[in-house]
1. Just to be sure, is ALA119 surrounded by 12 or more Cβ atoms within 10 Å (Cβ to Cβ), more than 19 Å from ASP80 (Cβ to Cβ) and in contact with a His (Cβ under 9 Å, 6 or more places away or on another chain)?
2. Please find, within region 297-307, the residue that is surrounded by the fewest Cβ atoms within 10 Å (Cβ to Cβ) out of those that are without any contact (Cβ under 8 Å) to a residue 40 or more places away in the chain and not small (Gly, Ala, Ser).
3. Filter region 399-438 for residues that are of a type in the set (A, V, I, L, M), within 13 Å of ALA381 (Cβ to Cβ) and either touching a Ser or Thr at 6+ places or on another chain (Cβ under 9 Å) or free of Cβ contacts under 8 Å to residues at least 12 places away in the same chain (or both) and give the result.
4. Within region 285-308, identify whether any single residue is among the hydroxyl-bearing types (Ser, Thr, Tyr) and within 25 Å of ILE325 (Cβ to Cβ), and answer yes or no.
5. Take the conditions without any contact (Cβ under 8 Å) to a residue 12 or more places away in the chain and more than 27 Å from the chain's Cα centre (by Cα) and apply them to ARG332. Does it pass?
6. Name the residues in region 282-330 that are in a strand (DSSP E or B) and over 17 Å from THR245 (Cα atoms), would you?
7. Going through region 404-447 one residue at a time, which ones are in contact with a helix residue (DSSP H, G or I) (Cβ under 8 Å, 6 or more places away or on another chain) and closer than 12 Å to PHE373 by Cβ?
8. Return yes or no: is GLY113 touching an Asp or Glu at 6+ places or on another chain (Cβ under 9 Å), of a type outside the set (Asp, Glu) and touching a residue at least 40 places away in the same chain (Cβ under 8 Å)?
Amino acid sequence: MGARSINNIVDATNFVMLNIGQPLHAFDISKIKSQNSKVNIEVREENGRLMITDGHADKVLGVAGVKGGPESLITESTTDVILESANFDGISVRKTSAALKLRTDASQRFEQGIPPELAGFGALCGAEMIQNLAGGEIAGFVDVYPRPQERRIVSVTLEKINKVLGTDLSEKEVSDAFARLGLKSEGNFTVRVPFERLDLEIPEDLIEEVARIVGYDKIPALPLEPDPSLGKPPVNPNFYAAEKTRDELMSQGYSEVYTSVFAERGERAVLNKVGGGKPYLRDGLIPGLRDALERNSRHKDILGLKKIKLFEIGTVWKDGEEKIIVGTADERGVSEKPLKPLSADKYDDLPLSAAMHYQPFSKYPYIVRDVAFWTAEKTGAEKIIQREAGPLLVKISLFDKFEKNGRMSLAYRLVFQSFERTLTEQEVNEIILKIQEVLGKSGFEIR
């Protein structure tokens, strides 16, 4: 199941966590028992971190919601166990985990939010499994639950469901959808939310569940009707200027890229560093664009481009404030300038997308070869090349053409690539020799 097997006690706690989502932790009682034979365990905050201690000394038994400590480790000699099933604040666990640079299966689950009610189920499941695997008796049970989980009631009408989704669902269809989700509804779809569904808080959450069960493909694509009460939306000058600049650069053959906002040097350091090598916010777009230009230039053949022209519209931190910059990169060099805001009464209509369907790409490297020849006519050569090259030819482009002494010279660039394996130089060379041989027999003179 992805968890390392340690012993039957720890394996049982891991199984419960993976099965129902409730992390558990087992303590060896003999290692934490005080002199008066009483066991004291408390959770306290130290330097912004939740720590589990023995309650009367400085012995740390674990990091709450993250990881247990070696002081109370379960071993082969363990005979008495305390099983902890708790609910820790996700934000606090996240901060503790980040501060210690320690991510665990338990911390990830607490960060995402676990229903408090689940702790009791987890304790019962874990205790019964340990009893079945290792024997022994359940000696006692302590439940400290100062703030019981509130059971929410959320209501939504059939009219609102159909209005939001743009559908014409019947009352029976909606009732069936809730029933399949285990949501019991009363009257006009008033739902008593199960304790494990922390995500159901407002009517729109219930509407989303209905859409998911009915099927998104069953929801018709309809244009949104403007709400007259909202009035005309204000135009953001920076956003409008960015859209206009983007359209202009793309019409000139530039492709947009997004580079990292972090840099090795800059004016403003990042508090929570993503990587040790780039601890600052960038103060310009040029370094990132220069790297992008260099990387993409190496692959212009497979991209089918004669020239690489890139641009980026992004934020930088410079002169003590955040600024929006436009940067371009091409064979002439790399440059940047501030984005000038543009005012407008309304946004332009969105153009219909002319994007093609996604085309898969190969993860294997490609090989480039050039074929040049003389011909008295202009037609036929490209079809011969494509036929003889076969399916390994993924791109062909005419990159050079000139006339001399009544004949025409044509030069084609061929890109070979496989979706199944790495091609060898030998097999590509054999294909090129075959192409040249057939071209020669067809009246073309290889250069």
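1. On the way: surrounded by 12 or more Cβ atoms within 10 Å (Cβ to Cβ): yes; more than 19 Å from ASP80 (Cβ to Cβ): yes; in contact with a His (Cβ under 9 Å, 6 or more places away or on another chain): no.
No: the conditions fail for ALA119.
2. Of all residues in region 297-307, those without any contact (Cβ under 8 Å) to a residue 40 or more places away in the chain come to 297-300, 303, 305.
Remaining after also requiring not small (Gly, Ala, Ser): 298-300, 303, 305.
Values: ARG298: 9, HIS299: 11, LYS300: 12, LEU303: 13, LEU305: 15.
Taking the candidates together, the pick is ARG298.
3. Residues of region 399-438 of a type in the set (A, V, I, L, M): 408, 410-411, 414-415, 423, 428, 431-433, 435, 438.
Then keep just the ones that are within 13 Å of ALA381 (Cβ to Cβ); that gives 408, 410-411, 414, 435, 438.
Of everything in region 399-438, those that are of a type in the set (A, V, I, L, M), within 13 Å of ALA381 (Cβ to Cβ) and either touching a Ser or Thr at 6+ places or on another chain (Cβ under 9 Å) or free of Cβ contacts under 8 Å to residues at least 12 places away in the same chain (or both) turn out to be MET408, LEU410, LEU414.
4. Our first condition is that a residue be among the hydroxyl-bearing types (Ser, Thr, Tyr); within region 285-308, this holds for 297.
Add one more test, that the residue is within 25 Å of ILE325 (Cβ to Cβ), and what stays is 297.
Scanning region 285-308 turns up at least one residue that is among the hydroxyl-bearing types (Ser, Thr, Tyr) and within 25 Å of ILE325 (Cβ to Cβ).
5. Judged against the criteria, ARG332 is a match.
6. First, the residues of region 282-330 that are in a strand (DSSP E or B): 310-318, 321-330.
Listed by number, the residues that qualify are VAL316, TRP317, LYS318, GLU321, GLU322.
7. LEU410, TYR412, ILE435, VAL438, LEU439, SER442, PHE444, ILE446
8. Values: touching an Asp or Glu at 6+ places or on another chain (Cβ under 9 Å): yes; of a type outside the set (Asp, Glu): yes; touching a residue at least 40 places away in the same chain (Cβ under 8 Å): yes.
Yes; evaluated as a whole, the condition is true for this residue.
The values are calculated or read from the model by the stated rules, or taken from the named source; none is laboratory data. Not measured: the values here are computed from a predicted model. Here Cβ is always computed from backbone atoms with ideal geometry, including for glycine, and neighbour counts include all displayed protein chains.
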